[in-house]
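Data block below; observations after.
The numbers here are math on the coordinates, done by the rules we state, and not lab data. The structure displayed is predicted, hence computed values, not measured ones. Cβ placement follows ideal geometry from the backbone for every residue including glycine, while neighbour counts extend to all protein chains displayed.
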């Protein structure tokens, strides 16, 4: 994440647990939370943080208004506009907005009662239900179809309480940033179906991309008995298609809208492809579409975390898994931004958030998905080489913020772009971990080795050789981003060491010559200590507050600090340096993980709760980046908390021999953890009291 000017007075490490429980008391009063369903039955539009249904490419963000979605986001679609003179995520066409008129009255938020939304994480479905007076009950369910990366579907059912006349519309609207909007309506007659296509095309702000979307109604009536569709053009940015239907009291009428959204970043002919994909969905039919979608999510959930002893934690862990699964996808070269596909947060850029925080959980549970994140970095290796060259270094220097091209995308006012160099070692660590879990030597030779060797060359050229034990890394932004332009940051130095050592190990595995300078440099990069033996964060560190974990990452995931007494000493010191507000969610997750490995269940429970409970936002318990923050959904924090569960409480460890399970301790109150579908062999690991 980019450097943020955050300052605050140091206070206690975390909010009291009782206050947290009180904040979520209404949920607890309703009985044990469902492990798979999150219900919002008291929706306040003024305090509403939506939930996303996504399939790793297309994300649909919910709205508190009936028949509306807030936005539609596509992975890989960027253009320069807005802040920072850098590439930004683009909102795509809002292809799932609709309206419904009952007896000539168009329903809006003031008209509905018993408004309720429910996220079914097993099926990746968001259902909204409500009543319209004594006339009708409505149910809408939104899906980003997992089997079709560019296609979404909304399924609607209206039950009449008395005789009513309905008019239902599908609205296609262009976001404000798009230009040169063109709207089309086509009807394609076939003996077995009439295909009505509502289509739009536009250019991105600079004209770099063409963005296209197309929708079609899916009816349940036999061909020839479907309602007649009327097309209306409202203005250049919005048009719609609609139909009318009369219902008798007690009758339920169902219809659906399937839509596809794609850009020239994904396909050379997005206009025709959007219509082809929509025709495909239309002729597959709703039942087949939803059956394949359910089957795909059932396969994802074969890799799961099941825990007993804390029903709310089980629901929250499922929500974190759900979002990581939703924001990523096998068979791509996409890597998630900190906010995934939940909106335009952090411009949709890729940071160390993906490589260090989200990647390990995905790697353990779904290596085929994790492979996409490493593929993202491999495809952009040449740009990283150019970046190193421009800064006077050898090898490859990955950008702190990356988008579609792989060039540096950090706004110039943030010093993390030129100086937060640990990202290069984070990328290399993910590549090494992918090999460790999969043991795929062919992949290591083709793609892992180029990353590992080029990044090792970078560090060998980046150090300043000031004598034995003093191969210094000066003038960096630390992993603790409040520490700017410091020397010998603990995490940066340790990560560089690990990068160099892993590159040498990869060479040995592959029978390739390793640069002997790699191990030599690794042995001489210093890790500084304070007088009391605590690992010093950086050369100028004097005990000030920290934005996020730095030193404690040397114990995990780097395994540079391995002595339990040293791990405990560093924890005791730095856990008191993290302010209660304004800092990201990952640090306390690492504290929880390390205390579990040290056998302290009470501390593990304390920091596990502090890692995310103060960050939850209504009405879906979505995770904000910081305590008191309002920018969900923070997939980075979810990745950190899941690592606490998997590698802390579950005892899993990624080693050169593969995944192993080490002794660990459950948080106080938990009875068991069962992790299924682990690694390429889909193994099961359990921990119990």
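So here's what we get for this one:
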{"item": "Point-to-point label distance, residue 101-residue 179, nm (Cα→Cβ direction, 7 Å offset)", "result": "3.5"}
{"item": "Helix 564-574 axis, angle to the chain major axis (alpha carbon atoms, nearest 10°)", "result": "60"}
{"item": "Segments 150-160, 536-546 sorted - mean Cβ within 10 Å per residue, highest first", "result": "150-160, 536-546"}
{"item": "Cα-based helix-to-principal-axis angle, 601-612 vs the chain, degrees rounded to 10", "result": "50"}
{"item": "Förster radius 56 Å - calculated FRET efficiency between residue 246 and residue 304 (Cβ-Cβ, nearest 0.05)", "result": "0.75"}
{"item": "Length gained when the stretch residue 689-residue 445 is fully extended (0.36 nm per residue, less Cα-Cα span)", "result": "83.6 nm"}
{"item": "10 Å binning of all Cα-Cα separations within the stretch 45-126, expressed as whole percents from 0 upward", "result": "15, 38, 31, 14, 2"}
{"item": "Per-peptide average of other Cβ atoms within 10 Å, ordering 218-227, 64-73 highest first", "result": "64-73, 218-227"}
{"item": "Shape of the stretch 287-349, Cα gyration tensor, a/c cut at 1.5", "result": "oblate"}
{"item": "Between the stretch 488-560 and the stretch 239-269, the alpha-carbon center distance in angstrom", "result": "54"}
{"item": "Prolate/oblate/rounded call for the stretch 620-689, Cα gyration tensor, a/c under 1.5 rounded", "result": "prolate"}
{"item": "Separation in nanometres of the label points that stand 7 Å from Cα toward Cβ, at residue 292 and residue 254", "result": "1.9"}
{"item": "Surface/4 of the Cα convex hull for the stretch 513-579, nm²", "result": "5.7"}
{"item": "Computed E for residue 394/residue 566 - FRET, C-beta separation, R0 25 angstrom, nearest 0.05", "result": "0.15"}
{"item": "Rounded if a/c under 1.5, otherwise prolate or oblate - the stretch 380-504, Cα gyration tensor axes", "result": "oblate"}
{"item": "Cα centroid of the stretch 74-105 to Cα centroid of the stretch 121-135, whole Å", "result": "23"}
{"item": "Spin-label pair residue 113/residue 231, simplified geometry with 7 Å Cα→Cβ offset, distance in nm", "result": "4.1"}
{"item": "Extension gain, residue 461 back to residue 559 (0.36 nm per residue minus Cα-Cα distance, nm)", "result": "32.9 nm"}
{"item": "FRET efficiency, 1/(1 + (r/R0)^6) with R0 35 Å, evaluated for residue 544 and residue 520 via beta carbons", "result": "0.55"}
{"item": "Between 0 and 90°, nearest 10: helix 270-284 axis offset from the chain longest Cα axis", "result": "70"}
{"item": "Overall Cα dimensions of the stretch 45-300 - principal axes, largest extent first, Å", "result": "56, 49, 43"}
{"item": "Segment residue 602-residue 206, extension gain: residue separation times 0.36 nm, minus the distance between their alpha carbons", "result": "137.1 nm"}
{"item": "Euclidean distance between Cα centres, the stretch 53-67 to the stretch 398-473, Å", "result": "34"}
{"item": "Segments 491-502, 348-359, 291-302 sorted - mean Cβ within 10 Å per residue, highest first", "result": "348-359, 491-502, 291-302"}
